[in-house]
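The values are calculated or read from the model by the stated rules, or taken from the named source; none is laboratory data. As the structure is a prediction and not an experimental result, all values here were calculated from the model. All Cβ positions, glycine included, derive from the backbone under ideal geometry; neighbour counts span all protein chains shown. The protein model used for the area step is the full one, side chains on, heavy atoms only, and it has no ligands, DNA or RNA in it. Shrake-Rupley method; radii C 1.70, N 1.55, O 1.52, S 1.80 Å.
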Amino acid sequence: MLRFSPAIVAVVVAATLGAAVPPTRADYVASEFAVSVENPTVKRGSTAVIVATISARDGFRISDAYRHRIVNLSSPDGDVELARTVVRGSVTDGRVVFRVEAVPKTAGSHLVIGVFRFSVNNGERLDIKAAPFESTVTATD
């Protein structure tokens, strides 16, 4: 028997019916850290705020002194205006939180990409990490 992810079914049904897809999350986990990215939906021309969070996994913690950031931010289709190409993160409650401001110029779903640069440590060794940043901003009319 085939099993389908509820998230995939919701996207297919919404696309088929022409409905707006509700905000979703893009989450992934590595051995030292976990990333969570919110995918916002806003009206075309309004400012969307993409909130991305990096949390340390068991045995690790976020380095307070490192300049955590997302670099090389861009919109491949060119239909999203980004406030900055580099966004600094702030350490709050042991997590790094990033707020990326984006204004979609046309209706539809638009990809925003970049690279996380951050640091975790295990009490003995500091590891500087790079991970892909990807979010979808959906604009409605």
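Filtering region 65-85 to residues that are farther than 17 Å from LYS129 by Cα and of a type in the set (Phe, Trp, Tyr) leaves nothing.
Looking for something in contact with a Phe, Trp or Tyr (Cβ under 9 Å, 6 or more places away or on another chain), over 16 Å from VAL37 (Cβ atoms) and basic (Lys, Arg) - is there at least one such residue anywhere in region 78-89? If you could, list the steps in order and put the result at the bottom.
Filtering region 78-89 for residues in contact with a Phe, Trp or Tyr (Cβ under 9 Å, 6 or more places away or on another chain) gives 87-89.
Then keep just the ones that are over 16 Å from VAL37 (Cβ atoms); that gives 88.
Subset that is basic (Lys, Arg): 88.
Within region 78-89 (the criterion being in contact with a Phe, Trp or Tyr (Cβ under 9 Å, 6 or more places away or on another chain), over 16 Å from VAL37 (Cβ atoms) and basic (Lys, Arg)), the answer is yes, since at least one residue qualifies.
Here is a yes/no grid of residues against (1) open to solvent by 30 Å² or more (accessible area, probe 1.4 Å); (2) over 14 Å from the mean Cα position of the chain (by Cα); (3) farther than 20 Å from THR140 by Cα:
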{"site": "VAL42", "(1), (2), (3)": "no, yes, no"}
{"site": "ILE50", "(1), (2), (3)": "no, no, no"}
{"site": "TYR66", "(1), (2), (3)": "yes, yes, yes"}
{"site": "VAL71", "(1), (2), (3)": "no, no, yes"}
{"site": "ARG84", "(1), (2), (3)": "yes, yes, yes"}
